[in-house]
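Visitor: Before I ask anything, let me first share the structure, which is written out below as structure tokens.
The values are calculated or read from the model by the stated rules, or taken from the named source; none is laboratory data. Being a predicted model, the structure only gives us computed values, none of them experimental. Glycine also receives a Cβ, built like all others from the backbone with ideal geometry; neighbour counts cover every protein chain displayed. Calculation scope for accessible area: heavy atoms of the full protein, side chains included, ligands and nucleic acids excluded. Shrake-Rupley method; radii C 1.70, N 1.55, O 1.52, S 1.80 Å.
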Amino acid sequence: MQLSLVGDPRTDVLRRLHAALIARFGRIERQHEKREDPVWTLVQGVIGARSKTAISNAATDRLLQRFGTWEAVATAHVETLTDELRTQTFPAQSAERLKACLQAIMAERGEVDLRHLSNLPTEDAMAWLERLPGVARKISAGIMNTSRFQRRAIVIDSHHRRIMQRMGLVPLKADTTRAYDALMPILPDEWSAADIDEHHLLVKKLGQTLCRPSEMLCADCPARPDCATGRASPGH
């Protein structure tokens, strides 16, 4: 289990950032009941590349409604899955990755089920997940954090990584895994899995509104007092 570094000033930065984002955007709590199912969360992540969350949520629900079980999804033809995933940004790629992922689980477990991960430490469970086709750190952390596992693991998407880089909390060239490894040890110890999830959703909201990839509205940003980029950009 990773613990926050005692006295690390970056931990206080995260606390202040969290409070500032709540003050700006209000509380953001994950309501989707399917987040209780780790396999649902896995499927949503695997098919969700470059697609909006609401679209991927609907596509995941549609798959289960159409086929009835995840085992049936795993044995469906790629062309059929591609048609079902037509709302995704990359439907053919999503279909191929999903089928390969679910079949890999069936080959090892005999069915599409992730309950065995509840018996593993978080790092070991994430390592098991990341051996599956189409699963990297963002998805493995999401499964451990936002499903019924409710583990302390932070989801790092492109918005989150970009903001943490601009704030100076992770290296500028860090990929998702390096960003995760940099942030986990400095998360406040008192944050629960739900707190960590809300923090990610709040940072994502900031990235979608004020700290976009090609436009930074630093003058209006609640993170600016603790942001290296914001403090150095008086013109924004």
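Visitor: Just from the alpha-carbon atoms, what are the Rg and Dmax of the chain in angstroms?
Guide: Looking at the chain, its Cα Rg and Dmax stand at 18.6, 59 Å.
Visitor: In square angstrom, rounded to the nearest 10, how much accessible surface does Asp37 have for a 1.4 Å probe?
Guide: 40 Å²
Visitor: So how do Glu71, Glu108, Glu198 rank on accessible area, 1.4 Å probe, biggest first, that is with the largest at the start? List each step's numbers first, then the result.
Guide: Numbers: Glu71 55, Glu108 110, Glu198 10 Å².
The most accessible residue leads, giving Glu108, Glu71, Glu198.
Visitor: Still on this structure, I have one more. Please report the spacing between the Cα centers of the stretch 60-130 and the stretch 167-236 in Å, no decimals.
Guide: The two parts, judged by their Cα centres, are 31 Å apart.
Visitor: With a 1.4 Å probe and all protein chains in place, put Glu215, Glu190, Glu130 in order of accessible area, largest first.
Guide: On the way: Glu215 80, Glu190 105, Glu130 60 Å².
If we order Glu215, Glu190, Glu130 from most to least accessible, we get Glu190, Glu215, Glu130.
Visitor: Nearest 10 degrees is fine. How inclined is helix 158-167 to the longest principal axis of the chain, computing both from alpha carbons?
Guide: 20 degrees
Visitor: Counting only the heavy atoms of the protein chains, how much of Val13 is accessible to a 1.4 Å probe, in Å² to the nearest 10?
Guide: Here the residue's solvent-accessible area equals roughly 20 Å².
Visitor: Can you pull the percent of the stretch 61-165's accessible area that's carbon plus sulfur, 1.4 Å probe, other chains left in place?
Guide: On the way: 2290 of 4870 Å².
Carbon with sulfur: 47 percent of the solvent-accessible area.
Visitor: Which angle from 0 to 90°, rounded to the nearest 10, does the C-alpha axis of helix 193-209 make with the longest principal axis of the chain?
Guide: Computed tilt is about 70 degrees.
Visitor: Using a 1.4 Å probe and ignoring any ligands, DNA or RNA, find the accessible area of Phe90 and quote it in Å² to the nearest 10.
Guide: About 80 Å², rounded to the nearest 10.
Visitor: Same structure again: Among Trp128, His200, Ser214, pick out the residue whose Cα is farthest towards the positive end of the charge dipole of the chain, where Lys and Arg carry +1 and Asp and Glu carry -1 on C-beta, about the Cα centre.
Guide: Ser214
Visitor: Give the calculated FRET efficiency between Phe25 and Ala194 to the nearest 0.05, with a Förster radius of 22 Å applied to their Cβ-Cβ distance.
Guide: Working: r = 16 Å, r/R0 = 0.75.
Efficiency, rounded to the nearest 0.05: 0.85.
Visitor: How many nm is it between the label spots at His116 and Ala232, if each spot is 7 Å from the Cα in line with the beta carbon?
Guide: 4.8 nm
Visitor: What ranking of Asp226, Asp181 comes out by heavy-atom accessible area, probe 1.4 Å, highest first? Provide the component values of the computation, followed by the final result.
Guide: On the way: Asp226 35, Asp181 80 Å².
Order by accessible area, largest first: Asp181, Asp226.
Visitor: Can I ask one more? If you line up the long axis of helix 9-25 against the longest principal axis of the chain, both from Cα atoms, how many degrees apart are they, to the nearest 10?
Guide: On a 0 to 90 degree scale, this one is about 80.
Visitor: Continuing with the same structure: What's the longest uninterrupted piece of the chain once you rule out the trypsin sites (Lys or Arg not before Pro) that are loop residues per DSSP with at most 16 other Cβ within 10 Å? Please list the in-between numbers first.
Guide: Numbers: sites that count: Arg27, Arg30, Arg50, Lys52, Arg86, Arg131, Arg148, Lys173.
In the chain, the maximal stretch lacking such sites is 174-236.
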